[in-house]
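Just below is one structure, and these are the notes that go with it.
Taken together, the values in this text are just the output of simple stated rules run on the coordinates, not laboratory data. Nothing here was measured: the structure is a model prediction, and the numbers come from that model. Glycine also receives a Cβ, built like all others from the backbone with ideal geometry; neighbour counts cover every protein chain displayed.
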Amino acid sequence: METYQCKVASLEEIMQKMDYEIAIHPGDKSWEFWKEETRSFFEKQKRICYIGILDGKIICEATAAISKEAAQNPEGLIDESTAYLFAFRTNEGERGKGYFSKLYQFMEADLKSRGYTRFTLGVEPKETQNLEIYKHLGFVHFIKEAYEEEPTVVEGIKPEKVLVHYYLKEI
């Protein structure tokens, strides 16, 4: 019987999910960086991580940055009533089945119970399918555009800059 549960992740659970991402991206050292960054901000209580668990296995995740130091370009994206949402990931075999939608609803309800009434997120302009999903979720107010830097994982190589459009949802 299939059981699906959404919850706020423990550090152990989110590290398990990061280890899964490292395993499915062999040779991509940026995932080691993301794992350590996630651990650091989680321990400092600057981010809240959410997971969806299907039959005991973590299949999707999302994160809310609740401190300006926990996200790039935080001006206008994070304050006492605004959380920045990111790291939306669902395991490949589970996409399109509604699991992430349930996790997103759980995350939004949890953040609302913590006093957040505004949510922001960023999307690369070329990610048109993701943008349509985000608009469907209510992220229809364009805030700004800015460049984010991907982590430098090789000494002497400049980090890649990626153009991101940021959107707002008010509840």
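Points worth noting:
- Gyration tensor (alpha-carbon) shape descriptor, the stretch 39-114, a/c threshold 1.5: prolate
- Stretch gain in nm, segment Asn130-Glu150, where the contour uses 0.36 nm per residue and the Cα spacing is subtracted: 5.3 nm
- The helix-only estimate of mean residue ellipticity at 222 nm for the chain, built from DSSP H runs of length n ≥ 4 each weighted as -39500 (n - 2.57), is -9500 deg cm²/dmol after division by the residue total.
- Counting neighbouring beta carbons within 10 Å and listing from fewest to most, the residues Phe33, Phe142, Phe86 come out as Phe142, Phe33, Phe86.
- Within the same chain, lysines fewer than 8 places from Lys169 are excluded, and of the rest, those with a Cα less than 21 Å from its Cα are Lys46, Lys68, Lys102, Lys112, Lys126, Lys135, Lys144.
- Cα-based shape type of the chain, given that a ≥ b ≥ c are square roots of the gyration tensor eigenvalues and the cut on a/c is 1.5: rounded
- Rounded if a/c under 1.5, otherwise prolate or oblate - the stretch 85-171, Cα gyration tensor axes: prolate
- Dipole magnitude of the stretch 1-141, debye to nearest 20 (Cβ charges: Lys/Arg +1, Asp/Glu -1, about Cα centre): 300 debye
- Counting other Cβ atoms within 10 Å as a rough exposure proxy, the listed residues Cys6, Cys49 run Cys6, Cys49 from fewest neighbours to most.
- The GNM of the chain, with springs linking C-alpha atoms under 10 angstrom apart, assigns the highest mean-square fluctuation among Arg39, Arg118, Arg95 to Arg95.
- Net charge of neighbours whose Cβ lies under 14 Å from the Cβ of Gln45, counting Lys and Arg as +1 and Asp and Glu as -1: +4
- Extension reserve of the Ser10-Lys112 stretch, reckoned as 0.36 nm per residue once the Cα distance is removed: 34.8 nm
- Between Asp19 and Gln45, full extension at 0.36 nm per residue minus the direct alpha carbon distance yields a gain of 7.3 nm.
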